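Q: Please see the structure below; I have some questions.
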Amino acid sequence: MSGSELSSADVRRAIERFAIDGLLLNAVPLQRGHIHDTFVSTWRQEGGNRRYLHQRMNDKVFQDIPAVMHNIDLVSDHLRRRAMSAAAPNGFTALELVPTRERRSYLVTKNGPWRTYLYVEGCSSFDQCTSPERAYEAARAFGWFQAELADLDAAQLRETLPRFFSTPHRLCQFDDALAGDPVARAAACLPEIRFVAARRAMGSVIDDLLAAGQVPLRTVHGDTKLNNVLFDDRTGKARCIVDLDTCMPGYSLYDFGDLVRFTAATSSEDERDLGKVDTDLALYRALVDGYLSTTRGFLTPKEIELMPFAARLVTFTIGLRFLSDHLAGDVYFKVHREGHNLDRARVQFRMVERMEQMAAAMAVR
Ligand code: GN1
Ligand code: MG
């Protein structure tokens, strides 16, 4: 059912089935993410107005919604327990789900599954990074997230999207899309297709190391975009990590690589002018330092050495996913214009090229 148009009455009807007191004043869409539909509602309650964040989840992408919600429950409970038991408060807040009136963690409607979070007030998120301080802070926060989850038994987490982090798997999906070419777009993407062909070999590096036990499996966030960190408006410090959909067992460096891909980028993810696309070295350095400030205690020397490679690999892999979706006819990521996924793929590939050129300067010791 996901993907179908929602009327404002549909939205209100869904929202009102969550256990929220007071009078619903309004609900407005929030343009963010490529997967779900997000809304923010305001309620008049005793003592003032309060806001909530609602998502109609995409059950075409996430076909096992109970497993997704199971992971989110588990992870947020764990983070909350850690925060309460910490001797020194670390300033982080865990996201809080609001149950349905029937006390369930999500709601099933004819328009698809819905969930609700308390809105975290007094914070902002950013789509682009302008200062090394903010990059450091975002990386510190995602490193903290992994550190906090290190003692959560990863076997309890379900693999909601099978082989989500695996580049060889993404190459197979790409091969299928290219072979099928269902909307006849391949002929117009030859440079991008060649770009992938020239880099297939690097696709298996991490999977091989994982299989050989040379890189450990860890619980990772899986979508470490800068706008998945909420920054406190007063202090500028990271206060909350959002979007736990892809929190699953994976390799630690996926999170670091995705951080670099998005946060050290000098342009938006879908910039059309490739002259503006680059990876900023000062932001990259700040990401390395911020990430290591919370992960150095547990990352192995091999993982640390692989940090710049992971940045290149994850950027390549997300570009590959955008290109595959373009070839497949835009069936996965939301698009807002013609060729949107191809534009996104081109940006990722341009950054991969820049990272290849800057490999020496990106080394981490
Ligand atoms: C998707 O929708 P959003 O922005 O949370 C995607 C990520 C990609 C990202 C690229 C479940 O995340 O894997 O890195 O787009 N999420 C899923 O911007 O596929
Ligand atoms: Mg996400």
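The values are calculated or read from the model by the stated rules, or taken from the named source; none is laboratory data. It should be emphasised that the depicted structure is a prediction, and the values quoted were computed from it without experimental measurement. Methodologically, a virtual Cβ is constructed for each residue, glycine included, from the backbone with ideal geometry; neighbour enumeration extends over all protein chains shown.
Q: Restricting to region 201-257, name every residue that is closer than 17 Å to residue 309 by Cβ, in contact with an Asp or Glu (Cβ under 7 Å, 6 or more places away or on another chain) and crowded, with 24+ Cβ neighbours inside 10 Å.
A: If the condition is that a residue be closer than 17 Å to residue 309 by Cβ, in contact with an Asp or Glu (Cβ under 7 Å, 6 or more places away or on another chain) and crowded, with 24+ Cβ neighbours inside 10 Å, then 220, 224, 252, 253 are the ones that fit.
Q: Scan region 84-96 and give yes if some residue there is crowded, with 18+ Cβ neighbours inside 10 Å, over 19 Å from residue 239 (Cα atoms) and not hydroxyl-bearing (Ser, Thr, Tyr), otherwise no.
A: Checked region 84-96: no residue is crowded, with 18+ Cβ neighbours inside 10 Å, over 19 Å from residue 239 (Cα atoms) and not hydroxyl-bearing (Ser, Thr, Tyr).
Q: Looking at the structure I just gave you, is residue 21 of a type in the set (D, E, K, R), under 22 Å from residue 103 (Cα atoms) and loosely packed, with under 13 Cβ neighbours inside 10 Å?
A: Working: of a type in the set (D, E, K, R): yes; under 22 Å from residue 103 (Cα atoms): yes; loosely packed, with under 13 Cβ neighbours inside 10 Å: yes.
Here the answer is yes, as residue 21 does meet what is asked.
Q: Of all residues in region 209-235, how many are free of Cβ contacts under 8 Å to residues at least 60 places away in the same chain and within 29 Å of residue 34 (Cβ to Cβ)?
A: Residues meeting the conditions: 4.
Q: In this structure, is residue 95 at pLDDT below 95, closer than 28 Å to residue 268 by Cβ and touching a Phe, Trp or Tyr at 6+ places or on another chain (Cβ under 6 Å)? Lay out the reasoning, then the answer.
A: Values: at pLDDT below 95: yes; closer than 28 Å to residue 268 by Cβ: yes; touching a Phe, Trp or Tyr at 6+ places or on another chain (Cβ under 6 Å): yes.
Criteria met by residue 95.
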